[in-house]
Amino acid sequence: MERPGKLIAEGRDSNIYEFGHGKVLRRSRNGRSQANEAKIMQHVRARGFPTPEVFSVSDDGLDMVMARVEGRTMIDALSVQPWKMRHFARELSRLHVSLHRLDAPEWLPAAPGGSGDSLLHMDLHPLNVMLSNEGPVVLDWANASRGNPLVDVAATWVLLACAEVTGSHLETLLARVGRTYFLHAYLGAFSKIELETVLSDVVEWKRRDPHMSASEIQRMHALLERHSAN
């Protein structure tokens, strides 16, 4: 494999490098193989769901070459176009609905929260949606699973409601107000009562994520106490 170009982005467990015209190389930093992730990306793309084209994966799975998506993340778009918050929230819900119409391959792991055959992303939030000239493109399929669509939506609910907000007091206050409005618009496409039936399983699954802070876990449990189904 040829040498990558300059570093253009850093994720939680990988770096993104330029890799020739129209391509990027994503390199795992922690030894995690991306082979299965590449496989599910090819699966959903072949069925018309918007995700980057995968060109190759190294034998050890640590390097994946895929199409470069020009645009900005939905979270960046929200920061510069807050008046379009309702539009972006509904776009996110449409992506979920569209994805969940696809049957999941049997080799995907089962998601928490009961049985189901739908394809779930399990990390589908504004930071993982690129807004390109051709429309939204979904990134980061490492948590893709097979299961109940409600679980995927509830996972996004938990992430959006409980993620850390940084900045000055005014900045965090405005961000929390905006997040509440975005969540209301996003969740409006689904049944809150049905989502509450899987919320406990999702919180239990998400609290074991090593990337979640103690304060985020505390907020997840508070969310669960407020919304647990009777």
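The values are calculated or read from the model by the stated rules, or taken from the named source; none is laboratory data. All values derive from a computational prediction rather than experimental measurement. Cβ placement follows ideal geometry from the backbone for every residue including glycine, while neighbour counts extend to all protein chains displayed. Remember, those area values only see protein heavy atoms, side chains included, never the ligands or the DNA or RNA. Shrake-Rupley method; radii C 1.70, N 1.55, O 1.52, S 1.80 Å.
The convex hull built on the alpha-carbon positions of region 105-230 has an orientation-averaged projected area of 9.0 nm².
Per residue, region 121-230 exposes 50 Å² of solvent-accessible protein surface, assessed with a 1.4 angstrom probe and all protein chains in place.
Under DSSP H, which helices of the chain have Cα atoms covering 18 Å or more of the helix axis and a Kyte-Doolittle average no less than 0.0? Helices meeting the criterion: 149-162, 169-187, 192-206. When the Gaussian network model of the chain links Cα atoms closer than 10 Å, the mean-square fluctuations of His100, His43, His21 top out at His21.
Convex hull volume per residue, computed on the Cα atoms of the chain, equals 133 Å³. Quickly estimate the mean residue ellipticity at 222 nm for the chain, helices only: each DSSP H run with n ≥ 4 gives -39500 (n - 2.57), and the total goes over all residues, rounded to 500. Helix-only estimate at 222 nm: -13500 deg cm²/dmol. Compute the relative contact order of region 45-191 as a whole-number percentage, counting only Cα pairs closer than 8 Å that sit 6 or more residues apart in sequence. After rounding, I find 25 percent.
Ligands, DNA and RNA left out, the accessible area of the chain computed with a 1.4 Å probe is 50% carbon and sulfur. Once the convex hull of all Cα atoms in region 65-111 is built, its volume per residue stands at 132 Å³.
For region 7-113, the solvent-accessible area works out to 53 Å² per residue, with a probe of 1.4 Å and every protein chain left in place.
Here the label points at Ser191 and Arg72, each 7 Å from Cα along the C-beta direction, are separated by 3.9 nm in the simple model.
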